Every structure is written in structure tokens, then in C-alpha cells.
Amino acid sequence: MKNGKIIILASPSGGGKSTMTKKILSDFDEVKFSVSATTRKPRQGETDGEHYHFLPKEEFIKKVENDDFLEWEELYNGTMYGTLRRSVENELKKGYFILLDIDVLGALNVKKMYGDEALGIFLAPPSLDVLAERLRHRGTETEETLHSRIERAKKEIGYTRRFDEVVVNDDLETAYSQIKKIVSNFINR
Ligand code: ADP
Ligand code: 5GP
């Protein structure tokens, strides 16, 4: 059986990755979601093992020391996020396409490791104001965490050109139809 490949969906926080991920997973049976580990607390509606593996910081650090992560980053206010090496590698061997919803620097690291075996899609917000508005509307952030996410977004947007594909997430359905075409072309390449 042929090895699968990696699809990386990256954007600043609030860019629309979770929204697009749901749509991709419902449209493509051959795509599996890579469940990351994080030290942040679950939000309402998030399930352990489905959205993330929620870990105490000590456990996360143990996994870093064991080299269990393909990549990991410390993002906002010391919160850590990482892609588990074993789950990605096992699913690739089974021939699946693995979808990573990760931050911009993590995405560029994975792209460096996998080259043409990975597709990097940057989901760009129409503007920083719209991004802040969407984050506020999502209702998951305090003013403090919102501020740190927007400050980070300003830097992340500078990496746009390093991605294979860029999609502006203005109108949701228009953006998704572009993503669907990109993913479909990659799968059938
Ligand atoms: P991320 O996973 O990248 O942090 P989300 O998918 O949670 O982003 O999107 C952030 C918020 O913006 C959510 O409340 C989502 O419903 C909303 N959203 C996403 N895409 C659009 C869009 N094109 N138009 C309007 N709202 C959107
Ligand atoms: P949130 O706290 O909103 O779920 O995620 C915050 C940011 O962390 C998002 O940009 C998300 O894509 C990123 N993220 C989630 N999992 C990982 C991961 O495993 N590695 C990296 N580098 N970033 C991740």
C-alpha cells in the first residue's frame, strides 16, 4: 500500500482552521485528523482525545523529553501544543492523508521535514480587525488572551508566502470551495 501524505492547515488563531477542518473531514473519507496534545484547559464542547489530548504540563514535558512529538511549540502565555509523532506515522503507513491544524511555525517545521509529502495551506484572515472580531464573537478568549493571539497573528501573517497555497477566509463558502479543490488535487496527484 502507498504511504499517505500530510495536509497542514495553518493560520493565526481564529483564522478558521477548526471550521474548515470539520468540513474537510466530512467531505474526504481518506483524511484523518491528527489530535494534538496541549496543556490548555478544554473549552466547552471539547472532548479529550477528540479535539486534543489535554495534558498537565509535567506530562507534556515528559513527552518532549521522550521525543514523542514530531513538532511542538509554546504559544500563548506558556501554553504548549504538540503533534504526536506516533499517531501521524501510523496513519501515514496505513495510507491515510493526515490533517494537521497547527500554528504557523509548527506548520513550517513539518513542511521542512516532509517536503513534497506535505501540503501547507495558509488560511489568511481578511484583516486583523475581522480576526479580532471573530475571536471575540467565538467567546473563548479573555481580553488578555485575545490580545496575545492578535499580537502573534501580526508576526504570523509575515510567513504567508512560505506556504504552498494561500486561501483568504472572507466568505466561508467561497474559501471552503477553494480549499476543497486544493485538497482534492493533492489527494489525486
Ligand atoms: P481557528 O480554529 O483557526 O482558531 P475557528 O474555526 O474557531 O478558528 O474560527 C474562529 C471563529 O470565526 C469561529 O467562531 C468561527 O465560527 C468563525 N468563522 C470562521 N470562518 C468564518 C467566516 N468565513 N466568516 C465568518 N465567521 C467565520
Ligand atoms: P487553540 O488554543 O485555539 O485550540 O489553538 C491555538 C493555536 O495552537 C492554533 O493556531 C492551533 O492551530 C495551534 N495548535 C494546535 N495544535 C498544535 C500542535 O500540535 N502544534 C502546533 N505547533 N500548534 C498547534
Cα centroid of the range 9-28 to Cα centroid of the range 138-171, whole Å: 13 Å
Cut-off under 5 Å, modelled amide H: who pairs with residue 124 long-range: 167, 168, 169
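Assuming R0 = 41 Å, what is the FRET efficiency of residue 151 and residue 117, from their Cβ-Cβ distance, to the nearest 0.05? Walk me through the numbers before you get to the answer.
Numbers: r = 33 Å, r/R0 = 0.80.
It comes to 0.80.
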Karplus-derived 3J(HN,Hα), 6.51/-1.76/1.60, for each residue of the range 71-76, Hz, glycine and proline x: 7, 8, 9, 9, 9, 9
Fraction of beta bridges assigned by DSSP in the range 6-188 that are antiparallel (%, nearest 5): 25 percent
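Calculate the all-directions average of the projected area of the range 120-189's alpha-carbon convex hull, and give it in nm². It would help to have the intermediate numbers written out before the result.
Numbers: hull surface 21.0 nm².
Directional mean of the projected Cα hull area for the range 120-189 stands at 5.2 nm².
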For the range 155-161, Karplus couplings with θ = phi - 60° (6.51, -1.76, 1.60), whole Hz, Gly/Pro x: 6, 4, 4, x, 9, 3, 5
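Pairs 154/181; 32/180; 41/63: which exceed 23 Å Cα-Cα? Intermediate values should be presented prior to the final figure.
On the way: 154/181 28 Å; 32/180 15 Å; 41/63 18 Å.
Violating the 23 Å Cα-Cα cut-off are 154/181.
If you rank 38, 160 by fewest surrounding Cβ atoms within 10 Å, what's the result?
Details: 38 20, 160 13.
So the residues, fewest neighbours to most, are 160, 38.
Can you tell me, using C-alpha contacts under 8 Å and at least 6 residues apart, the relative contact order of the chain as a whole percent? Spell out each step's value before the answer.
Numbers: 293 pairs, mean separation 60.1, N = 189.
It rounds to 32 percent for the chain.
If you place +1 on the Cβ of every Lys and Arg, -1 on the Cβ of every Asp and Glu, and leave all else neutral, what size is the dipole of the chain about its Cα centre, to the nearest 20 Debye?
Charge dipole of the chain: 340 debye, to the nearest 20.
So which GluC sites (Glu not before Pro) in the range 4-79 pass both tests, a DSSP loop state and at most 15 other Cβ atoms within 10 Å of the Cβ? It would help to have the intermediate numbers written out before the result.
Details: sites: 30, 46, 50, 58, 59, 65, 71, 73, 74; in loops: 30, 46, 50.
Here the sparse-neighbourhood loop sites are 30, 46, 50.
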√(5λ) per eigenvalue of the Cα gyration tensor, the range 1-85, largest first, Å: 23, 17, 12
Overall dimensions of the range 6-188 by Cα: Rg and Dmax, Å: 15.6, 43
Over the chain: helical MRE at 222 nm, DSSP H runs n ≥ 4 each giving -39500 (n - 2.57), nearest 500: -13000 deg cm²/dmol
Of 14, 186, 100, farthest towards positive along the dipole that unit charges on Lys, Arg, Asp, Glu beta carbons give the chain: 186
Selection from 82, 119, 25, by position along the positive dipole direction of the chain (Cβ): 119
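Every number here is computed from the coordinates shown, using simple stated rules; none is lab data. Computed from a predicted structure; not experimentally measured. A quick note on method: Cβ atoms are made from the backbone with ideal geometry, for glycine too, and the neighbour counts reach across all protein chains shown.
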